[in-house]
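The values are calculated or read from the model by the stated rules, or taken from the named source; none is laboratory data. Owing to the predicted nature of the structure, the values given are computational and were not obtained by experimental measurement. Glycine gets a Cβ as well: all are built from the backbone with ideal geometry, and neighbour counts include every protein chain shown. Just so you know, the surface numbers come from the protein's heavy atoms only, side chains and all, with ligands and any DNA or RNA stripped out. Shrake-Rupley method; radii C 1.70, N 1.55, O 1.52, S 1.80 Å.
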Amino acid sequence: MIKLLKYLKGSAIICAILAPITMCLEVAMDLLQPTLLSSIIDVGVANGDLNYVLSAGIKMVIAAIIGLVAGSACSFFAAVASMKLGEGVREGLFEKIQTLSFLELDKLKTSSLITRLTNDVTQLQMMMNMALRMMVRAPLTAIGGLIMATILSPKLASIFLIALPIILVSIMFIIKKSLPLFTSVQEKIDNINTVMRESILGVKVIKAFAIESTQGERFNEANDNLTNESIASQNMNLILWPIATLIMNLTVVAVLWFGGNMVNVGDLEIGKIMAFINYLLQIMGSVVMVINIMLTFSRAKASANRINDVFKTETSIKDKEETVEVNNFDIEFKEVYFRYNEHSENVLEGISFKAKQGETIGIIGSTGCGKSSFVNLIPRLYDATEGEILIGGVNIKDISIRQLRENIGIVLQENILFGGTIESNLKFGNANANEEDINSSAIDAQAYEFIMSKDGKYQSEVEQRGKNLSGGQKQRLSIARTLIRNPKIFIMDDSSSALDMATEAKLQNSIKNRMKESTVLVIAQRISGVMDADKIIVMDDGKISDIGKHDELLKRNEIYRSIAVSQLGEEVLKVV
Ligand SMILES: Nc1ncnc2c1ncn2[C@@H]1O[C@H](COP(=O)(O)OP(=O)(O)OP(=O)(O)O)[C@@H](O)[C@H]1O
């Protein structure tokens, strides 16, 4: 948890220092009150000295006002410092997540990352706030109260020697038991976030399949698990209160019993007993505060561990110290093998091929045969497990990730658009794009017409994830967003599947003209999407089955021939 304090910066550090200082003042004022009260009773009232009573009373009021102001200032400083800590940690986490590769993101899981960014940071904030207010107050009040009570009557104060150890041992026991429960509660929140995320994003599928009740059951199960775990962690909390209250009440009885006897034999004044009980209540109150701090601390520790897990995660894909600039964008795969993690099987096996800059390569194969995995290796979204991938003759691991990704434009299979306007989405591809760039990429992506048909044209609103656009419109905007970068390597991962044949043909034509100088890789499910390519790679179960032109493959490759016949009919064979 201490490690995360480095996210406390600037004015927040000053607030974090001022909060305990102002708290010290409040505690001092609180500790003064019982002594002033006892002097009023034992001196003022006992001697019938009204002036003494008045002046001590005024001192009590002034002390209370100073205590109030100091306490409010402390709460303010603690709130600012803890909010700023939360802001800093969230910012750090967000930046860290941006650096992680797909591999680490797969492992950490999106919904868990969201819980860590929100719920776990909130726990940390609460801890910080409480620590700044209570961590000083509780021990100071307890120690100060003990000293003042001992000054009043060392004999009576010996009662604390029995009461305090019992409470402290109970606290330690409960804390030890509750830490794993708090970690488990956070995990259960992860689960519920996963189900919620799936249910909300997939609400249309759920409705279309009429599986609301099944989803409801999944949600209820996750919800029940969270509730049960939270109750278990709170139960620990509940045991502590009766123990603390019982010990406190027994101590008060003991003070009254022994103190009463002392008054009877003339060893102690009545006012001192009252002050003693006041100190006792302050000490016990601070013990209760310590219990609260410890419980919040255990919960925050579980959250801090989860946050630190993200900070500790090192990206597996990073730049070497010395990187090489490339000016040529031929691509070569040399005996490339790939699997998603050490426990899974190879998704790609022995992939070798070459593509010259300016060539268009089509990639076709049955679903799940590894096409997306294959192209994802080129911009290093994942790293190959074995073998080498070269661009312009240089291993891609020797090229800086920035240069690599700046020169590669990939239209992913999942077309994710961001909330904003059509223009802001296109500018994701190139923030400096001018009107001409925007127009030309929209025209080439066959998106211009539908954009112009909208009332707002380029300023038309795009809702989150582009949900107010059709599948084909999203695909075309995603293509335009990539074309606007004029990448040296242009990859389309099944990006024209939602377009009709005529639009797809126009798209192919415009890409061919625009990307003459680039290496183009096009994954398609439809033969029409790849048949005009300079080379077509036929993939089968993670391996390359064949590479050739349309006519050649029709003649010699069984897989290609069967895909072509299934889509274009037997006539396709007559041309060969
Ligand atoms: N992130 C991932 N983690 C683990 N396995 C994955 C992941 N993504 C894909 N796979 C697995 O890798 C294999 C190849 O998937 P890939 O997406 O590359 O196939 P594809 O040929 O592009 O499929 P499609 O044509 O349906 O898009 C599949 O068996 C899939 O289950």
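For the range 177-240, evaluate the Debye formula with one uniform point scatterer on each Cα (no solvent term) and list log10 I(q)/I(0) at q = 0.15, 0.24, 0.25, 0.28 Å⁻¹, rounded to two decimals.
One equal scatterer on each Cα of the range 177-240 leads to -0.53, -0.91, -0.96, -1.09.
What is the extension gain from Lys457 to Thr150, computed as 0.36 nm multiplied by their sequence separation minus the C-alpha to C-alpha distance, in nm to one decimal?
Result: 102.5 nm gained on full extension.
Let me check the size of the chain from its C-alpha atoms; what are the radius of gyration and Dmax in Å?
For the chain, the Cα radius of gyration and maximum Cα-Cα distance read 35.5, 124 Å.
What figure, in Å² to the nearest 10, do you get for the accessible area of Cys24 with a 1.4 Å probe and non-protein molecules left out?
Estimated to the nearest 10 Å², Cys24 gives 60 Å².
Taking a cut-off of 18 Å between Cα atoms, list the lysines near Lys320, but don't count ones fewer than 8 places away on the same chain.
Partners found: Lys397.
If you plug each phi of the range 188-203 into the Karplus form 6.51 cos²θ - 1.76 cosθ + 1.60 with θ = phi - 60°, what whole-Hz ³J(HN,Hα) values come out, in order, with x for Gly and Pro?
5, 5, 3, 4, 5, 5, 4, 5, 5, 4, 4, 5, 6, 5, x, 4
Please list Lys488, Lys109 from largest to smallest accessible area, probe radius 1.4 Å, with all protein chains kept in place.
Lys109, Lys488
I'd like the carbon and sulfur percentage of the solvent accessible area for the chain, probe radius 1.4 Å, heavy atoms only, ligands and nucleic acids excluded.
Reported share for carbon and sulfur atoms: 59 percent.
Given Cα positions, please report Rg to Rh for the range 342-472, the hydrodynamic radius being the Kirkwood one.
1.02
With θ taken as phi - 60° and the coefficients 6.51, -1.76 and 1.60, list the Karplus ³J(HN,Hα) couplings across the range 17-30 in order, rounded to whole Hz; mark glycine and proline as x.
Calculated HN-Hα couplings, in order: 7, 5, 4, x, 5, 5, 5, 4, 5, 5, 5, 4, 5, 5 Hz.
In sequence order, what are the phi-derived ³J(HN,Hα) couplings for the range 53-61 according to the Karplus relation 6.51 cos²θ - 1.76 cosθ + 1.60 with θ = phi - 60°, rounded to whole Hz, with x for glycine and proline?
Result, rounded to whole Hz: 4, 5, 5, 5, x, 4, 4, 5, 5.
Which far-off residues, 5 or more places away or on another chain, put their amide H under 5 Å from the one on Val411, with H placed in the peptide plane?
Placed amide hydrogens put Ile491, Met492, Asp493 under 5 Å from Val411.
Using alpha carbons only, how many angstrom separate the centre of the range 414-445 from the centre of the range 337-406?
27 Å
I need the Debye-formula profile for the range 51-189: one equal scatterer per C-alpha, no solvent, reported as log10 I(q)/I(0) at q = 0.14, 0.18 1/Å, two decimals.
-0.94, -1.17
Taking amide H positions as placed 1.01 Å from N in the peptide plane, with prolines and chain starts having none, which residues 5 or more places from Val324, or on another chain, fall under 5 Å of its amide H?
Ile399, Ser400
Which entries of Lys516/Lys549; Lys107/Lys371; Lys427/Lys535; Lys3/Lys177; Lys457/Lys488 show an alpha-carbon separation above 26 angstrom in the structure shown?
Lys427/Lys535; Lys457/Lys488
Could you let me know the centre-to-centre spacing of the range 88-130 and the range 194-215, using Cα atoms, in angstrom?
Centre-to-centre (Cα) distance: 26 Å.
Taking a probe of 1.4 angstrom, what is the accessible area of Glu217 in Å², to the nearest 10?
120 Å²
Suppose all protein chains stay in the model; what accessible area per residue would a 1.4 Å probe give for the chain, in Å²?
Per residue, the chain has an accessible area of 50 Å².
Would you work out the relative contact order for the chain, in percent, from Cα pairs under 8 angstrom that are 6 or more residues apart?
That works out to 14 percent.
What figure in square angstrom, to the nearest 10, would you give for the accessible area of Asp546 with a 1.4 Å probe?
It works out to around 30 Å².
How would Glu463, Glu104, Glu570 rank on accessible area, largest to smallest, probe 1.4 Å?
Of Glu463, Glu104, Glu570, the descending order of accessible area is Glu570, Glu463, Glu104.
Which order do Arg299, Arg218 take by accessible area at a 1.4 Å probe, largest first?
Sorted descending by solvent-accessible area, the residues read Arg218, Arg299.
Tell me the mean residue ellipticity at 222 nm calculated for the chain from its helices only (DSSP H runs of n ≥ 4, each -39500 (n - 2.57), averaged over every residue, nearest 500).
Calculated at 222 nm, the ellipticity per residue is -20000 deg cm²/dmol.
In nm, to one decimal, how far is the modelled label at Glu217 from the one at Ala254, with both set 7 Å along Cα→Cβ?
A separation of 5.7 nm, rounded to one decimal place.
To test your reading of the geometry: what angle, between 0 and 90 degrees and rounded to tens, separates the Cα axis of helix 501-514 from the longest principal axis of the chain?
90 degrees
Average the reciprocal distances over every distinct pair of alpha-carbons in the range 219-267, invert the result, and give the Kirkwood radius in Å.
Result for the range 219-267, one decimal place: 14.0 Å.
Could you size up the charge dipole of the chain around its Cα centre, putting +1 on the beta carbon of Lys and Arg and -1 on that of Asp and Glu, and report it in debye to the nearest 20?
Roughly 1040 debye, rounded to the nearest 20.
What residues of the range 368-400 lie in the reach of a label at Asn327, counting those whose backbone N is under 15 Å from a point 7 Å from the Cα along Cα→Cβ?
Answer for the range 368-400: 392-394.
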